[in-house]
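Every number in this text was worked out from the coordinates using simple rules, so none of it is lab data. The model shown is predicted, which means the values in this text are computed figures rather than measured ones. Cβ coordinates were reconstructed from backbone atoms using ideal geometry, including for glycine residues, and neighbour counts include every protein chain displayed.
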Amino acid sequence: MDLKPGSRWKSAVCDVEVVVVRPPKTPATLECGGYQMVPHGEPKPEGKEIAADFAEGSQAGKRYADEETGMEVLCTKAGAGTLTIGGRPIGAKEAKKLPASD
């Protein structure tokens, strides 16, 4: 899985689509809904359904980051699958607080 900055990926089991913002520091497998994601231009595999353990959903416009690998992706299309790296769920990054302007 070649997770280069700017590369686009889609879920094999739902509507989730992401763009890699920061690649992982070590080789990693990006998954959604319990299955490895596929390059944006390739067809989805047939006959797969979201795994029950990975059905919390992903939100469009949110950045998802993994501290262990350093990987960060931007979700460009929402869906029912949970984003994971090597089977470990990754969470949405919190927005940085801007200083108050008085």
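Note on K93 and T26: their simple-model spin labels are 2.1 nm apart, each label 7 Å out from Cα toward Cβ. Within the listed set P27, P39, P89, the residue fluctuating most in the Gaussian network model of the chain (springs between alpha-carbon atoms under 10 angstrom) is P27.
Once both labels are positioned 7 Å from their Cα atoms along Cα-to-Cβ, the gap between D15 and S101 label points is 3.6 nm. Taking a straight line from the alpha carbon of K10, these aspartates and glutamates sit under 12 Å away, with near neighbours fewer than eight places off in the same chain left out: E31, E42. Each label was represented as a point 7 Å from its Cα along the Cα-to-Cβ direction; for V38 and R63 these points are 3.0 nm apart.
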